[in-house]
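Read the structure below first, then the notes.
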Amino acid sequence: MKAIVCKAFGPPEALAFEDVPSRPVGKNEVRIAVKAAGVNFPDTLIIQGKYQLKADPPFTPGAEVAGIVVEAGEKVKNVIAGDAAVALVPTGGYAEEVVAPAEMVMPLPRDMDFKHAAGFPMIYGTSYHALKQRAQLKPGETLLVLGAAGGVGLAALQLGKLMGARVIAAAGSDDKLAFCKSQGADEVVNYAKDSLKEAVKKLTKGQGADVIYDPVGGELTQDCFSCINWNGRHLVVGFAAGKIPDVALNRLLLKGASAVGVFWGAFVAREPKLNWENFQQLFAWYGEGKLKPVVSASYPLKDAGRALRDMLDRKVTGKVVLVP
């Protein structure tokens with residue numbers, strides 16, 4: 001089969017597109033013919049050896065796929081050959097086929113297409129877990145979303161609205177903020193032009209945001225600690241800015257606020273039943289037309305390096321996928 005291969009840690013341009021052998025399917029595993037694979041920011045890190053989960057070269061990056069089950073191990077009960085399914089894998093997704101643990105495979109809702117499916121699990125799974133279990137977001141609260149035009153940010157924006165919050169979308173360009181407005185944001189802040197903390201204070205009449213969804217990190221995190229409300233929750237989702245910030249704990253103390261880590265991958269492994277309950281709700285909202293994934297671009301599988309470069313250069317809105 002054809003696959004993208006990371007032969008040594010480095011930039012997206014160093015990835016190779018070549019033939020690799022298929023591997024056998026174990027008793028509790030599923031082989032999927034990939035119809036689309038999601039591209040995620042952690043993929044840009046793992047190929048550079050900078051992600052918290054390490055892979056030893058050579059390996060194929062990619063953590064989420066959608067496609068058709070072509071083979072299921074003898075102990076697999078949740079899917080059978082011929083089923084449309086979505087799967088999460090540690091690595092291996094950027095390929096024409098993938099072998100996944102059965103517990104990480106979910107049948108697709110009948111009305112979900114493969115491109116939407118490939119861009120669905122990580123961003124909506126992460127954001128719903130963050131807002132529901134970690135932040136316990138309540139109707140009427142104010143949610144500030146950083147990087148709101150990106151994959152997880154847009155998912156957080158959409159879910160925040162569904163959960164009854166007032167959503168302030170923050171991003172680094174007016175075009176991205178116009179996109180956020182079209183997706184339902186109540187207010188927007190351009191942190192490339194304006195002070196994030198002053199803008200949020202103004203929009204909240206000095207109170208600050210109740211929940212802050214932060215996949216960006218860097219200097220913006222410090223601004224977040226200055227515009228968080230009493231009993232606020234700052235969700236540590238990721239560090240797209242490239243810098244892990246030093247936490248000013250005194251600001252949390254003064255606001256009675258919390259910094260809350262969000263590691264969805266560990267949540268899936270440790271609490272699979274609760275994760276499945278989350279997805280039953282997410283799939284229901286999708287079926288009702290209340291969640292509308294935005295797949296802004298699809299790239300041929302061989303162009304995975306270009307897709308990852310566009311993500312690193314912040315040229316991506318919504319979600320992008322690879323199509324074998």
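The values are calculated or read from the model by the stated rules, or taken from the named source; none is laboratory data. Bear in mind the structure is a predicted one, so any value in this text is a computation, not a measurement. Note: ideal-geometry Cβ built from the backbone for every residue, glycine included; neighbour counts use all protein chains shown. All accessible areas refer to the heavy atoms of the entire protein, side chains included, with ligands and DNA or RNA removed. Shrake-Rupley method; radii C 1.70, N 1.55, O 1.52, S 1.80 Å.
What length, rounded to one decimal in nm, is gained on full extension from I80 through to R306, with 0.36 nm per residue of separation minus their alpha-carbon distance?
Full-extension gain reported as 77.9 nm.
Based on alpha-carbon centroids, what's the gap between segment 83-106 and segment 188-253 in Å, whole number please?
Each part reduced to its Cα centre gives a spacing of 35 Å.
Place a label point 7 angstrom from the Cα of E71 along the Cα-to-Cβ direction, then list the residues of segment 25-64 whose backbone nitrogen is under 19 Å away.
25-35, 60
Share of segment 1-54's accessible area from carbon and sulfur, percent, 1.4 Å?
57 percent
Could you provide, to the nearest whole Å², the per residue accessible area of the chain with probe 1.4 Å?
44 Å²
Of the beta bridges DSSP finds with both residues in the chain, what % are antiparallel, to the nearest 5?
Of all bridge pairs located within the chain, approximately 55 percent are antiparallel.
Stretched out fully, how many nm does the piece from K201 to D246 gain, at 0.36 nm a residue minus the Cα gap?
Length difference between fully extended and current span is 14.0 nm.
Would you work out if segment 132-261 is rounded, prolate or oblate? Take a ≥ b ≥ c from the square roots of the eigenvalues of the alpha-carbon gyration tensor; rounded if a/c is under 1.5, else prolate when a/b is larger than b/c, oblate otherwise.
Note, shape of segment 132-261 comes out rounded.
Which stretch or stretches of segment 123-159 have amide N atoms under 16 Å from the point lying 7 Å from E277's Cα along the Cα→Cβ direction?
From segment 123-159, the list is 128-137.
In segment 3-83, what GluC sites (Glu not before Pro) fall in a loop by DSSP, with at most 15 other Cβ atoms inside 10 Å?
Here the sparse-neighbourhood loop sites are E74.
What does the helix-only formula give at 222 nm for the chain: each DSSP H stretch with n ≥ 4 adding -39500 (n - 2.57), the total divided by the residues, and the result rounded to the nearest 500 deg cm²/dmol?
Helix contribution divided over all residues of the chain: -8500 deg cm²/dmol.
For segment 142-159 and segment 46-77, what is the separation of their Cα centres, given in Å?
Cα centres, segment 142-159 to segment 46-77: 26 Å.
Quick one: pull the percent of accessible area on segment 180-234 belonging to carbon and sulfur, 1.4 Å probe, ligands and nucleic acids left out.
Taking all protein chains in place, segment 180-234 shows 46 percent carbon and sulfur surface.
Go through (i) 120; (ii) 165; (iii) 131 and flag the label whose value is the computed volume of the Cα convex hull per residue in Å³ for this structure.
Read-out taken from this structure: (i).
For a quick check of understanding: with a 1.4 angstrom probe and all protein chains in place, what accessible area in square angstrom does W230 have, to the nearest ten?
That residue has around 150 Å² of solvent-accessible surface.
Between L162 and K7, take the C-beta separation as r, use R0 = 35 Å, and let me know the FRET efficiency to the nearest 0.05.
0.25
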